[in-house]
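The values are calculated or read from the model by the stated rules, or taken from the named source; none is laboratory data. Given the structure is predicted, the values throughout are model-derived calculations rather than measurements. Because the Cβ atoms are built from the backbone with ideal geometry, glycine has one as well, and the counts that use them run over all protein chains shown.
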Amino acid sequence: MTAVRSYTPEHLPVAVYGTLRPGGGNYEWCAAPHRPIVHSGVVEGFALVDGPGFPYAVPVADQTIVVDVLSFSIETWADAAHDLDQLEGYPHHYDRVRVFVEPGEHDGTEAWLYTPRNAARVIERFGFVLSGDWFNR
């Protein structure tokens, strides 16, 4: 049995909006070892910016983004969170913020969402994904 890594963030699901969604380029990398339960929903108060091969979720009032929520077991949470933090460049490139995911296929839930530390610069540099859905650009 593998020892669970000590990790400080609260055990919450992670709301993903780009390459970590099922069908995205990084989903299998994350899902295979950690086996999350996945459900869909939306997060209000954020917009997607079409970055260089991946999106950014930035705070924008009156906007909504489509997410998939990855729920990890307590046994896999620490390793999954560590791997996601490494991929997302947390805490240097991204912040991890707590959001409420509105019901999609599941009841609403709180989740972590990665958002860039330099949101204003990202917005200036790249265009918005008007649909709010990375897979429906």
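In table form, for the structure just shown:
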read-out	value
Tally, over segment 31-86, of residues that are under 12 Å from the mean Cα position of the chain (by Cα), farther than 16 Å from Asp107 by Cα and not aromatic (Phe, Trp, Tyr)	8
Complete set of residues in segment 84-116 that are crowded, with 17+ Cβ neighbours inside 10 Å and among the acidic types (Asp, Glu)	Asp85, Glu88
Near pairs, Cβ below 6 angstrom, 6+ apart or cross-chain, from segment 113-137 (free of Cβ contacts under 8 Å to residues at least 40 places away in the same chain) to any residue that is assigned to a strand (DSSP E or B)	Arg117/Asp95
Selection count where residues are without any contact (Cβ under 8 Å) to a residue 60 or more places away in the chain and within 13 Å of Ala119 (Cβ to Cβ), scope segment 42-55	1
Index of the failed condition, Val38 passing every other in (1) in a loop (DSSP other than H, G, I, E, B); (2) modelled with pLDDT under 95; (3) among the hydrophobic types (A, V, I, L, M, F, W, C); (4) within 15 Å of Phe135 (Cβ to Cβ)	(1)
Subset of segment 1-35 (residues that are surrounded by 14 or more Cβ atoms within 10 Å (Cβ to Cβ), part of a helix (DSSP H, G or I) and at pLDDT below 95)	Trp29, Cys30, Ala31, His34
Residue satisfying all of: in segment 65-83; surrounded by fewer than 21 Cβ atoms within 10 Å (Cβ to Cβ) and assigned to a strand (DSSP E or B); modelled with the lowest pLDDT among these	Ser71
Boolean, Ala61 is assigned to a strand (DSSP E or B), among the small types (Gly, Ala, Ser) and exposed (fewer than 14 other Cβ atoms within 10 Å of the Cβ)	yes
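Residues are listed down the side, and each one gets a yes or a no for (1) touching a residue at least 60 places away in the same chain (Cβ under 8 Å); (2) farther than 23 Å from Ile123 by Cβ; (3) charged (D, E, K, R); (4) out of contact with any Lys or Arg (no Cβ under 9 Å at 6 or more places or on another chain):
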site: Gly24; (1), (2), (3), (4): yes, no, no, yes
site: Ala32; (1), (2), (3), (4): no, yes, no, yes
site: Ala57; (1), (2), (3), (4): no, no, no, yes
site: Asp68; (1), (2), (3), (4): no, yes, yes, no
site: Ile74; (1), (2), (3), (4): yes, yes, no, yes
site: Ala81; (1), (2), (3), (4): yes, yes, no, no
site: Asp85; (1), (2), (3), (4): no, yes, yes, no
